[in-house]
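The structure appears right after this line, and notes come after that.
What follows draws every value from the coordinates through simple rules; no lab data is involved. The shown structure was predicted, so the numbers you read here are calculated from the model rather than taken from an experiment. Positions of Cβ are generated from backbone atoms using ideal geometry, with glycine treated the same way; all protein chains shown enter the neighbour counts.
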Amino acid sequence: MTQAHRISLKNAGNINPAKIEDYIAADGYQALKKALQMPAEKIVYELTQSGLRGRGGAGFSTGLKKKFTSEASCVLLECMRYIVCNADEGEPGTFKDRIIMEGDPHLYIEGMIIAAYAVGAEKGYIYIRGEYRQSIDMTRKALEQAAARGLLGDNILGSGYSLDIEVKPGGGSYLCGEELTLLESIEGNRGYPRIKPPFPAQKGLFGMPTLINNVETLSHIPAIILNGADWYKRIGTDQSPGTKIFTISGDVSHPGYFEADMGVTLKELIYDLAGGIKDRKKFKAALLGGAAGTFVPESFLDVNMAFESLQEKDAVLGSGAIIVMAEDKSILDMLQSILRFFEHESCGKCVPCRTGTRQLRILLEKIVTNGRAKSSNLDALLQQSEIMAKTSLCPLGQSPVLSIKSAVRHFREELQQSKNS
Ligand SMILES: Cc1cc2nc3c(=O)[nH]c(=O)nc-3n(C[C@H](O)[C@H](O)[C@H](O)COP(=O)(O)O)c2cc1C
Ligand code: SF4
């Protein structure tokens with residue numbers, strides 16, 4: 001495997017994250033200095049050219065998102081723009097943002113200030129998963145340190161640009177990681193999603209144009225500004241430039257987080273980085289992208305981990321979570337815990353998902369009780385999840401179909417023979 005570039009994790013583990021001096025000594029805040037001397041449109045252009053795609057799951061172009069936010073006109077008379085960093089990290093199997101927040105908090109804060117300047121945001125919020133106490137403390141400390149050095153607050157580095165950033169701890173709901181629900185939560189409302197469109201770039205926090213980016217996405221911005229879009233585009237694949245942090249858990253010898261160039265194969269990640277399958281067992285499957293992800297079989301080991309190559313094969317990269325299952329693990333067991341998870345996390349606002357997640361769980365339980373699935377049971381499960389995906393109000397109700405469909409497509413035989421332990 002070729003040596004991977006280090007972008008998001010270039011400092012984590014090498015510097016003291018509690019000391020801004022260490023970050024500055026590692027070229028920290030140089031990109032911000034450079035950015036503040038550039039016209040905002042040039043930053044948006046550079047980010048668009050770099051091809052950076054969101055690392056929160058959906059993989060949308062970061063530059064385009066900034067373009068839409070900076071060009072959006074306000075619907076209300078009084079107009080201001082917001083920037084929000086999504087640090088909710090609720091997807092099962094995902095723990096990458098935490099490493100950045102706790103290992104190198106200034107990196108993503110620097111990226112956030114540059115992004116805010118690019119879209120003209122005056123106020124920022126970082127929405128951090130409530131259980132991540134250490135991430136909350138480290139981020140708050142880093143914000144204070146940055147403000148004390150004139151890198152945040154009024155008239156940043158004498159540029160005339162001002163930005164205030166505040167930390168908002170989340171309340172523990174998976175759905176609050178969804179961008180529009182997250183905005184409701186910051187506004188102090190119950191975590192119910194809003195209907196899209198309008199998108200946050202048009203009408204976001206308090207009705208104003210809002211840029212929302214994930215922690216890992218923001219952590220790429222300083223390197224792009226310092227080294228240029230052409231440098232960045234040379235890393236990774238054509239349609240998914242850059243690196244990605246993969247979090248590998250389950251039946252591997254060395255579970256953990258690994259930054260690799262986009263396009264790395266699943267085999268390289270599991271066998272070269274995560275030490276292979278535990279106890280010399282054989283690989284059976286991997287769940288890519290967490291609960292809202294897809295099961296992939298052995299034939300995927302040579303597939304490149306990039307947005308486009310997985311999409312071509314009806315799989316998803318999502319947040320970069322890879323949950324590995326050895327030969328003796330049951331797909332049915334895993335599917336059951338995924339469906340229980342969605343039933344628990346459904347907010348109940350719309351009927352198809354409120355009753356649908358429950359029905360899916362019950363249908364699967366019946367299959368498990370029988371010990372094996374009849375073909376017709378599996379088809380019913382699939383059909384119900386497809387109807388739910390088409391009729392639910394928000395992406396949570398559209399998620400269970402992914403794991404069900406991929407399990408049935410790749411493991412129908414096993415599901416029909418399952419004698420669940
Ligand atoms: C149910 C649900 C949960 C989500 N949870 C997260 C999360 O914890 N963190 C995150 O960054 N994005 C999460 N997302 C994706 C966000 O809605 C959004 O796409 C992302 O914050 C955009 O940032 P990016 O463009 O930098 O990826 C979630 C989406 C859904 C549908
Ligand atoms: S799809 Fe599920 S989570 Fe989304 S609004 Fe409907 S009930 Fe709530």
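Before moving on, here are some points about what is shown:
- For segment 118-206, convex hull volume per residue from C-alpha positions, Å³: 96
- Scaling the Cα radius of gyration of segment 344-390 by the globular reference 2.2 N^0.38 Å produces a ratio of 1.19.
- Flagged links, alpha-carbon separation over 22 Å, of K366/K405; K10/K65; K67/K390: K10/K65; K67/K390
- For segment 100-139: rounded, prolate or oblate by the Cα gyration tensor [a/c cutoff 1.5]: oblate
- Dipole of the chain [Lys/Arg +1, Asp/Glu -1 at C-beta], most positive-end residue of G54, A407, T210: A407
- Charge dipole (Cα centre; +1 on Lys/Arg Cβ, -1 on Asp/Glu Cβ; no other charges) of segment 313-415 amounts to roughly 340 debye.
- Between helix 40-50 and the chain: long-axis angle, C-alpha atoms, 0 to 90°, nearest 10: 30
- Overall form of segment 20-233 per C-alpha gyration tensor (a/c, 1.5; a/b vs b/c): rounded
- Rel. contact order, % - alpha carbon contacts under 8 angstrom, at least six apart, the chain: 17
- For segment 51-161, the square roots of the Cα gyration tensor eigenvalues, ordered a ≥ b ≥ c, give a/c of at least 1.5 with a/b no greater than b/c, which places it in the oblate category.
- Using the Cβ of T48 as centre and a radius below 14 Å, the other residues enclosed give a net charge of +2, where K and R count +1 and D and E count -1.
- Label point 7 Å beyond Cα of W231 along Cβ direction - residues of segment 14-39 with amide nitrogen under 11 Å: 31
- Mean-square fluctuations from a GNM of the chain, with a 10 angstrom spring cutoff on Cα atoms, peak among G130, G177, G290 at G130.
- Euclidean distance of C-alpha centroids, segment 263-302 and segment 113-175, integer Å: 36
- Full-extension gain in nm, E386 to D272, via 0.36 nm per residue minus C-alpha separation: 37.4 nm
- When the chain is treated as a GNM with alpha-carbon contacts under 10 Å, the residue of R354, R280, R53 showing the greatest mean-square fluctuation is R280.
- Selected from A118, A72, A306 as most flexible by GNM, with the chain as the system and alpha-carbon contacts under 10 Å: A72
- Of the GluC sites (Glu not before Pro) found in segment 166-212, those in coil by DSSP whose Cβ has at most 13 other Cβ atoms within 10 Å are E187.
- Segment 272-421 - convex hull of the alpha-carbon atoms, volume per residue in Å³: 114
- Rounded to the nearest 20 debye, the dipole magnitude of the chain is 820 debye, with +1 charges on Lys and Arg beta carbons, -1 on Asp and Glu beta carbons, and the Cα centre as origin.
- Annotation for E327 and K196: the two label points, set 7 Å from Cα along the Cα-Cβ direction, are 4.2 nm apart.
- 13 Å beta-carbon shell around E144, net charge (K/R +1, D/E -1): +1
- Test item: Cα-centred dipole of segment 243-326, Lys/Arg +1 and Asp/Glu -1 on Cβ, debye: 360
- Under 21 Å of direct C-alpha separation, and excluding same-chain neighbours fewer than eight residues apart, K281 reaches these lysines: K267, K329, K419.
- Relative contact order [Cα under 8 Å, 6+ residues apart], segment 331-417, whole percent: 36
- Rh by Kirkwood over Cα pairs, then Stokes-Einstein D for the chain at 1.002 mPa s and 20 °C, µm²/s: 97
- Fraction of alpha-carbon pairs over 15 Å apart in segment 331-417 - percent: 51
- Nearest-ten-degree value, helix 133-148 long axis tilted from longest Cα axis of the chain: 20
- Taking other residues whose beta carbon is less than 14 angstrom from the beta carbon of G242, and scoring Lys, Arg as +1 and Asp, Glu as -1, yields +1.
- Isolated Cys residues of the chain, judged by Cβ distance under 4.7 Å to other cysteines: C85, C176, C347, C350, C353, C394
- Relative contact order (%) - criterion: Cα under 8 Å, at least six apart; region: segment 20-233: 32
- Convex hull volume of the Cα atoms of segment 195-271, normalised per residue: 160 Å³.
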